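Report on the following structure.
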Amino acid sequence: MGDTEAKGGQGAAEAAAADQALKAKHKAMWALGDYPAVATEVIAELGPVLVRACQAGPGTRVLDIAAGSGNAAIAAALTGADVVASDLTPELLETGRAHAAEAGAKLEWQQGDAEDLPYGDGEFDVAMSCVGIMFAPHHQASADEMLRVVRPGGTLGVVNWTPQGFIGQMFATMKPYAAPPPPGAQPAPLWGDPEHVRALFGDRVTDVVAERRMLRVERFGSPEEFRDFFKACYGPTIATYRFIAEDPERVAALDRDLADLGRRFGAADGSGAMEWEYLLLTARKAD
């Protein structure tokens, strides 16, 4: 083996090791706190919205990518669809199993990486993701996998937070306080830009329908209640606070900035109601 080949092999091995370390970090981050509380207490209606848009039902085989605790997967299973819920974080899958049992939903739960799905080409009629696939760091890789596992003529559907909406702005607020992203990782809210998603799928899809919608959130009676809930329950927020834990001034500054964000988006207007923008996009895989 020549020096160039040896260096190339070493570089590939280092890249693979770095990718595995990044995935392990993501897996651990989403196990922090209580993401299922976010899914059930705050954004529960998003799953059924996506399932209806994808027209899941009896006779359809559905894959929910980055399913978390299954707020879309369980809704799909309750329509009579044959559903697989896939997620990188096993702790979320365990909670999802319990929720499915409570709801009387039957589906499969499998650990899987959105960027390297353990399924065959064209195995599903529908591939969907509800504010999940957007957090995979390499957007093109996960979009390619989503397309690969759907049969020609099958349906793809995503619900993602938009950059300008509340959650997109929450990530923008946390960014100055968070650990720097690894090389090559893309910001999650880009998946909420319809042009970005169209570019990821390219000419491999047809019949694209993209809608910006609002989720009405009435869970929080004050900006501080929103902030403290996310500090306790939401993995990315917990990870950000842990990164600055040794700097009380920065912790206090982030406390203020997140409360101000909640205030700007309506958590202190007397009603406690907030409007969180998301993108609902569906498409058909080209024949």
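The values are calculated or read from the model by the stated rules, or taken from the named source; none is laboratory data. Quick caveat: nothing in here was measured; it's all calculated off a predicted structure. All Cβ positions, even for glycine, are placed from backbone atoms using ideal geometry, and neighbour counts span all protein chains on display. Surface accessibility is based on the protein's heavy atoms, side chains included, excluding ligands, DNA and RNA. Shrake-Rupley method; radii C 1.70, N 1.55, O 1.52, S 1.80 Å.
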Packing-based ranking, highest mean first, of 43-49, 161-167 given that Cβ atoms within 10 Å are counted: 161-167, 43-49
Would you kindly derive the ³J(HN,Hα) couplings of region 74-89 from the backbone phi angles with the Karplus curve 6.51 cos²θ - 1.76 cosθ + 1.60 (θ = phi - 60°), listing them in order in whole Hz, with x for Gly and Pro? 5, 4, 5, 4, 5, 7, x, 6, 8, 10, 10, 9, 10, 8, 6, 9
Looking at the chain only, what percent of DSSP beta bridges run antiparallel? Nearest 5 please. 50 percent
Grab the other residues whose beta carbon is less than 14 angstrom from that of D144, score K and R as +1, D and E as -1, and report the net. -3
Which entries in K25/K285; K23/K175; K27/K285; K27/K106 show an alpha-carbon gap greater than 22 Å? K25/K285; K27/K285; K27/K106
Taking protein heavy atoms only, a 1.4 Å probe, and rounding to whole percent, the accessible area of the chain owed to carbon and sulfur comes out at 52 percent
Volume per residue that the Cα convex hull of region 41-145 spans, once the total is divided by residue count, Å³: 91 Å³
The chain accessible area per residue, 1.4 Å probe, protein heavy atoms, integer Å², reads 44 Å²
Inter-probe distance in nm under a simple model that places probes 7 Å from Cα toward Cβ, at E195 and A44: 3.8 nm
From the phi of every residue in region 149-154, what ³J(HN,Hα) in whole Hz does the Karplus formula 6.51 cos²θ - 1.76 cosθ + 1.60 yield, where θ is phi - 60° and glycine or proline is x? 7, 9, 5, x, x, x
What residues have an amide H closer than 5 Å to that of V217, excluding those fewer than 5 places away on the same chain, when H is modeled at 1.01 Å from N in the peptide plane? M274, E275, W276
Under 5 Å from the placed amide H of G57, counting only residues 5+ away or on other chains, we find A81
Debye intensity ratio in log₁₀ form over the Cα atoms of the chain, taken at each q of 0.10, 0.12 Å⁻¹: -0.54, -0.77
All alpha-carbon distances of region 115-220, grouped into 10 Å bins from 0, give the whole-percent distribution 13, 44, 30, 12, 1
Rounded to a whole number, the Stokes-Einstein D of region 122-172 in µm²/s (Kirkwood radius over Cα pairs; 10 °C; 1.306 mPa s) is 133 µm²/s
Could you tell me what percent of the DSSP beta bridges with both partners in region 39-124 are antiparallel, to the nearest 5? 10 percent
Distance cut-off 20 Å, percentage of C-alpha pairs in region 140-287 lying past it: 56 percent
